[in-house]
Structures are given as C-alpha cells and as structure tokens.
Amino acid sequence: MDKITNVKELRLKATDVREDIVKMLHEAESGHSAGPLGMADIFTALYFNVANIQPDNPEWAERDRIVLSNGHICPVLYSCMARTGYFPVEELMTLRKLGSRLQGHPHRTALPGLENTSGPLGSGTSQAAGMALALKMDGTNQHVWCLTSDGEQQEGNTWEGVMFAAAKKLDNLTVIMDRNYIQIDGNTEDILPLEPLGDKYRQFNWHVIEVDGHNMEAIVDAMERSKNQHDRPTLILADVVPGKGVKYMENEYEWHGKPPKTEEELSQALADLAEVRKQIEADQMT
C-alpha cells in the first residue's frame, strides 16, 4: 500500500473519514459519534502512514496487528479500512444494518482485516499483549498497535494487561489511548478519576509519550518513536477532543453514544467539516 507522507494530505484524509462517520451514523440511526470523530486523526495516521499492512492481502503474515479495544468507536475503524482498500467504501452505509459485516462492535470473523472482536471494554490491552508476546516468540519484527479509551482504565482487567506487557518487556506493543475525558454518563474525572494517567503507566514501567491527538505531524512522530523503544511497551497518551470537527458535538458527553439523527444535524455536521476542509486546503503547511 502506498503511504501518505504529506501532512496536509493526511489531514484532508482524516476529514474524509469524519464525513464518512457522520453519514454512516445518520444512515444507521444508532451508534457512537464523539469517540470516532475524536480519533479520526489517530486512525488516519496509523492506517495511511505508519502501520505495515497490505489491505489487498489482509492475512499477510508479516503485517502489523491493529487491535481496537473500545469497539464502540468502530465507525472510524471501518472508514479507514474501507478507504485503504479492505472492502468497498460503499459498504460503509450498511453500518449496524441487519446482515451487514459492519457490526456495531467489530466481530473478527465478519470482515477481512479485523484482528479482534471487541465489545466488552477493558480486554484489548490484554489481547494485544498476547499478540505481541506471540510475535516476539516467533522472532518477528512486526508491531502491535492497540487503540483504547480512557474510560477503560477504570476496569481492572486493563491493568492486568498493563502489568503483563511490562513484565514481558513487550517493546513491540504500542497502546494509543483516546484521552477525551468523557464516558457515557459524563466526565471521567467526575465519575471515577483517572489522573495522573501518564505517571501511573510510568510506574508500571511503560514508556509514555503525551501528544496532541489532532496534531498530525506530532502523532506520526510519536508512533514512529514508539517503534524504536527497547525493553518496554509504549503508551501514547493522546489528548483528544470528543466530537472533533462537528461544533455542536465537541466536548459534549451526551454525544458519546448517539448519532446525528435529524437531517438538520447531519447537514450542520457536514457543513462544519466542509469548513474544516476549507481551512486545511488554505493552510500552507505541507
């Protein structure tokens, strides 16, 4: 797969992904908006630039493994998979429909290119750690990327995976956390405080990189640096705005678990994203 190395092109691709997300969710009339929109830059960087994958050969033995832990944000995953060539882009509009391969939480055997089934929160880090250990035992150079949420850090099984990965010195594992401070009932720090998250991982002997989750250049750099870490896993703690790009959703926890249902909501979301695209195109940064 040809990688996109130009930062502006990556930012424009992330806007394509966000447009897909709101259209998919509107068509489905159900699903999660805030998380997928917030993580579009992260997923775009991973799928279009950093990860070693072959969408036309999804079972390629030498591929990187991409594990989604918080499966409810799967619209962003599906969009990136479709736009890199795993399946037709037109299929995105079947999200959550009866008989669709694009289930509301990904099912590993339903779609080529899915590495894990995710629904119950908190299991992705352990799944990814197991894959990373297996690859190390095989003596390969592949990398495992695990996308996870901040709300999942409230679950004990997450920390079992964190301890295991550090104990096994899994330097071929990078966990990227969507630190958007929201969960379905409100702000994470009001419900069950998580801070200081970075320091907690450091105490568990992880390498921690803190990054602006919407700075494409910084995201790519953080991912590349994580691949060069030795003797311990890496956490990329990404500061992310939930609902990014759609003004009426940004930082509003109520949009964690609902779609833009009305035509007015869809139209406004697409208008906001059109403005984002216009700003990117006018930007002289390459």
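Just so it is clear, none of the values below were taken in a lab; they were calculated from the coordinates. Computed from a prediction, not measured in an experiment: that's the story for all the values here. Glycine gets a Cβ as well: all are built from the backbone with ideal geometry, and neighbour counts include every protein chain shown.
Some observations on this one:
- Among 148, 262, 44: highest mean-square fluctuation, GNM of the chain, C-alpha pairs under 10 Å: 262
- With R₀ fixed at 25 Å, the C-beta to C-beta distance from residue 8 to residue 210 puts the FRET efficiency at about 0.55.
- Inter-label distance, nm, simple model (7 Å from Cα along the C-beta direction), residue 108/residue 56: 2.7
- Note on residue 167 and residue 221: the model spin-label points, each 7 Å out from Cα along the C-beta direction, lie 3.6 nm apart.
- Within-14-Å neighbourhood charge of residue 4 [Cβ basis; K, R +1; D, E -1]: 0
- Cα gyration tensor, the range 82-204 - rounded (a/c under 1.5), prolate or oblate: oblate
- Build a GNM of the chain with springs between Cα atoms under 10 Å apart, and of 42, 176, 209 the one that fluctuates most is 209.
- About its Cα centre, the chain has a charge dipole of approximately 740 debye under the convention of +1 per Lys or Arg Cβ and -1 per Asp or Glu Cβ, with nothing else charged.
- Pairs exceeding 30 Å between alpha-carbon atoms, taken from 227/261; 200/247; 200/261; 8/247; 8/169: 227/261; 200/247; 200/261; 8/169.
- Helix 263-282 and the longest principal axis of the C-alpha atoms of the chain enclose an angle of approximately 70°.
- Ascending count of other beta-carbon atoms within 10 Å, so fewest first, for 267, 69, 226: 267, 226, 69
- Three-way shape label, the range 1-139, alpha-carbon gyration tensor, a/c 1.5: oblate
- With neighbour counts taken as other beta-carbon atoms within 10 Å, the residues 64, 56 rank, fewest first, as 56, 64.
- Here the extension length gained between residue 278 and residue 195 equals 26.2 nm, from 0.36 nm per residue of separation less the Cα-Cα distance.
- The charge dipole of the range 180-266, taken about its Cα centre with unit charges on the Cβ atoms of Lys, Arg (+1), Asp and Glu (-1) only, comes to about 420 debye.
- In degrees, nearest ten, helix 216-226 long axis to first principal axis of the chain (Cα): 20
- Comparing Cα centroids, the range 65-138 and the range 9-28 end up 17 angstrom apart.
- Added length on full extension, which subtracts the Cα-Cα distance from 0.36 nm per residue, residue 247 to residue 98: 50.5 nm
- Degrees separating the helix 156-167 axis from the principal Cα axis of the chain, which is the longest one: 50
- Placing a label point 7 Å from the Cα of residue 232 along the Cα-to-Cβ direction, the residues of the range 203-217 whose backbone N falls under 13 Å from that point are 203-209.
- Net length available on complete extension from residue 137 to residue 267 is 41.7 nm, with 0.36 nm assigned per residue and the Cα-Cα distance removed.
- Order of 159, 255 under a 10 Å beta carbon neighbour criterion, fewest first: 159, 255
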